[in-house]
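Before any comments, here is the structure.
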Amino acid sequence: MEFNFYSPEEEINFAPITSHGVRLFMKRDDLIHPFISGNKWRKLKYNLIHASVAQKKRLVSFGGAYSNHILALAAAGAKFGFKTTAFIRGEEVSNPVLEFCKLFGMRLIFVSRDAYRDKQNCFNHYFEGDDEVFFIDEGGYGQAAAQGCREIIDELNHTYDAIFCAAGTGATAAGIINALAEKNLATKMNVISALKGDGFLKAEIDRLLVKPHTYELFSQYHFGGYAKTNAELLQFIQRFATETGVLLDPVYTGKTLFAIQDYVSNGYLEPGSKILMVHTGGLFGILGMLDRFKDLYR
Ligand SMILES: *Cc1c(COP(=O)(O)O)cnc(C)c1O
């Protein structure tokens, strides 16, 4: 398998942040691929390698109806020669993300929210005893995912005083923390939870750490919960897009940059500090909320 991708590390000038004297950089994982976007590529990479080594033919995973992970799996499966199946939570629906998945040849199996909770049972019902199948956890979570996300840090050209990254399952954050720990970097790691009531998130991150390392987990930037948003956040995303040309999604990266702005305006960083936001991609998340932006232009 040959992996060619491009994720520049660029400085961004955005007055609400840079007016405090700090320099903001972004690791543009959103540019890796239009569909195998951002951290979803990072998290799939070693899963694909393991599946290929084990001569598996079909990748199977789980996700919601707007899952960036499922879309990335569909596109990556097609690119690297695997068949793909996804169990989608909830009754059968159609939306642009799922239509793209089908375009990449993915088979979708809709399961009720109740049945979805028992993933093992769903999986067994269709695939028990099928040794051509390679299972990837919901959201891509796991050791292989963390291994791929370490490479975000390996690729950097600068060192930073602080790094900020969004979290859902925490695998991306864990990979970054592992790299910082192994390289003995003094960079402060800040993880922004996209979830409300993320009591389990710290445990999920810690489960993937190769050795203990300090990091800070911010739980107050969920804007009402996972995939919830409000006018303030949408306005912030719109302003950022207008002033920098960089799009953020309302589920993860918009909330992360909002947290950075808050952090910087609270004076937690000395003037002259350099911070890096990992742009984890996932811009299709906007598709489920485009009509909410319309209200901004009235
Ligand atoms: C999935 C996703 C995340 C969360 O990554 P985890 O490794 O599950 O914590 C963050 N940002 C974007 C844009 C995503 O699509």
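Rule-based calculations on the coordinates, nothing more; no lab input. Note that this is a predicted model, so its numbers are computed, not measured. Here the Cβ is made from the backbone with ideal geometry for all residues, glycine too, and neighbour counts use every protein chain on show.
A few comments on the model shown:
- Theoretical ellipticity at 222 nm over the chain - DSSP helices of four or more residues, -39500 (n - 2.57) apiece, nearest 500: -11500 deg cm²/dmol
- Net length gained if the chain between THR244 and ASP131 were fully extended (0.36 nm per residue, minus Cα distance): 35.9 nm
- Restriction of the trypsin sites (Lys or Arg not before Pro) in the range 138-215 to DSSP coil positions whose beta-carbon has at most 14 other beta-carbons within 10 angstrom yields LYS183, LYS196.
- Under the convention that each Lys and Arg Cβ holds +1 and each Asp and Glu Cβ holds -1, the size of the dipole of the range 1-115 around its Cα centre is about 500 debye.
- Reach of LYS45 by Cα under 23 Å, taken over lysines that are not fewer than 8 positions away in the same chain: LYS27, LYS56, LYS57, LYS79, LYS83, LYS102, LYS119, LYS183, LYS211
- Prolate/oblate/rounded call for the range 205-275, Cα gyration tensor, a/c under 1.5 rounded: oblate
- Label-point separation in nm, LEU103 to GLU182, each point 7 Å along Cα→Cβ: 3.6 nm
- Pairwise centroid distance, computed over Cα atoms, of the range 21-59 with the range 118-162, Å: 10 Å
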